[in-house]
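The values are calculated or read from the model by the stated rules, or taken from the named source; none is laboratory data. This is a predicted model, so every value here is computed, not measured. For neighbour counting, all protein chains shown are included, and Cβ atoms are generated from backbone atoms with ideal geometry for every residue, glycine included. Remember, those area values only see protein heavy atoms, side chains included, never the ligands or the DNA or RNA. Shrake-Rupley method; radii C 1.70, N 1.55, O 1.52, S 1.80 Å.
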Amino acid sequence: MKNRIESFFGVAKANSSIRTEILAGITTFMTMAYILAVNPNILSESGMSRDALFTTTALASVIATVVMALWARLPFALAPGMGLNAFFAFTVVKGMGHSWEFALTAVFLEGIIFILLTFFNVREKIIDAIPFSLKHAISAGIGLFIAFIGLQNAGVIVNNDKVLVGLGDMGSAAVLLCFAGVIVSGILLALRVKGALLIGIFLVTLAGIPFGLTHVPESGLFSLPPSIKPIAFKLEFSSILSLDMLIVVFTFLFVDMFDTLGTLVGVASKADMINKDGKLPRVKQALFADAIGTTAGALLGTSTVTTYVESAAGVAEGGRTGLTSLVTAILFLLALFLSPIFLMVPAAATAPALILVGSFMMSPILKINFDDFTESIPAFLTIIMMPLTYSIAEGIAFGMLSYVILKALSGRVKEISLVMWILTLFFLLKFMV
């Protein structure tokens, strides 16, 4: 069995081991398990059943991640995307006044369009067209972005109405445990201890019990998953040709496409999985996982499913094959019945892993030619705009637009591919809309 697993996933060829892949899969899951609690909370604001959303969130994550694991055989995990779920609930439903069934229909249409775009290699051509400098910048930008998320989750960085963000309460238990986790995990990493990030999450979770951050379940460790009947297969096609539907589908398409492309390129760049031609092996299958997950998720009753940037945590632990994502998928399946255990991990425990992974992902910045300003300025804008706009997609948009403009006005039009010109027009249209 061991030999079959290693052969199927190409573990040895990827310079990894089954133990490393398992630890990486667990680490990825632990850093993104929060979605099981957060997604139902956000989408329930639209009037959907919160209990049913928990089950649907887990099932959609399992389906998409299994496709990634067994078909693409890459160490990336998928789940309903943050930001996209907020757009679903607060903009489409509460802001525009549509039903949640209308929003689910838009997500379903987006998934079908993505399947077609992936089948005809459109999304793959977009990834291949991204210049090397921007691919490396995307990795560094994602690093800053997820480190920022980690600092927010622990309360180190908080809202400040005067200057947007500020320093939180440095004496709070969450902040102190977060920094303790960074130090402990950092020491373990320096000593090259396998599973350093996972050990850090576990220790901070335990330490959080006396501080009231970690809530030990009182009603038992096992629970049957709630029924998805209230929200599953509730599509509404009566407004399918309306202008509002067009705008909503376009927005879902834009954000999901470039969030996913950015995550795949950024994490793969850090893991040295991009070949000399600038291509990511089996990227088409990876994009199909995203498209299939989104379509299935809409039918089950959740917002757009996308590749998670937290996959970088598993890659940082050494995950290099689909075995990593398969372990993550299995844990999402177990979470359906063991939700009290997985949901007891506080944000302060996963924050150190996100912060440290953010630092790991900065290394590709060394490969950017900062002496060429037509390369370095777009790279810088890509990096800085991701955390400042709280969006991978917006960071890519600013990077690509500036790349094309600088190259064109510097008399280096030949360095701009046709796909990059098309993307520039696409981004300009998006900003105008």
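Couple of notes before you dig in:
- Label-point separation, Ile405 to Ile183 (7 Å along Cα→Cβ), nm: 4.6
- Rg/Rh (Cα only; Kirkwood hydrodynamic radius) as it applies to region 224-348: 1.02
- Each residue, Asn41 and Asp272, gets one label point 7 Å from its Cα in the Cβ direction; the gap between the two is 4.0 nm.
- For region 263-329, accessible area per residue (1.4 Å probe, heavy atoms of protein chains only), Å²: 23
- Segment Ile112-Tyr390, extension gain: residue separation times 0.36 nm, minus the distance between their alpha carbons: 97.4 nm
- Ranking Ile130, Ser185, Phe88 by Cα position along the charge dipole of region 80-191, where only Lys, Arg, Asp and Glu carry charges on their C-beta atoms, puts Ile130 farthest toward the positive end.
- Estimated distance in nm for a label pair at Ile18 and Ser242, the labels positioned 7 Å out from Cα along Cα-to-Cβ: 5.4
- Heavy-atom SASA rank of Lys2, Lys229, Lys13 (probe 1.4 Å, accessible area, largest first): Lys13, Lys229, Lys2
- Taken along its three principal axes, the alpha carbon spread of the chain comes to 66, 57, 57 Å, from the longest extent down to the shortest.
- Modelled FRET efficiency - R0 25 Å, Ile422 with Asp371, Cβ distances, 0.05 increments: 0.30
- Carbon + sulfur, % of accessible area of the chain - ligands and nucleic acids excluded, 1.4 Å: 68
- Kyte-Doolittle mean at least -1.0 and Cα axial length at least 27 Å: DSSP H helices in the chain: 100-119, 132-153, 243-270
- Counting 0.36 nm for each residue step from Lys284 to Leu235 and taking away their Cα separation leaves a gain of 14.9 nm.
- Between Lys2 and Lys162, the FRET efficiency estimated from the beta carbon spacing at R0 = 56 angstrom works out to 0.45.
- For region 1-145, radius of gyration divided by Kirkwood radius, i.e. Rg to Rh on alpha-carbons: 1.02
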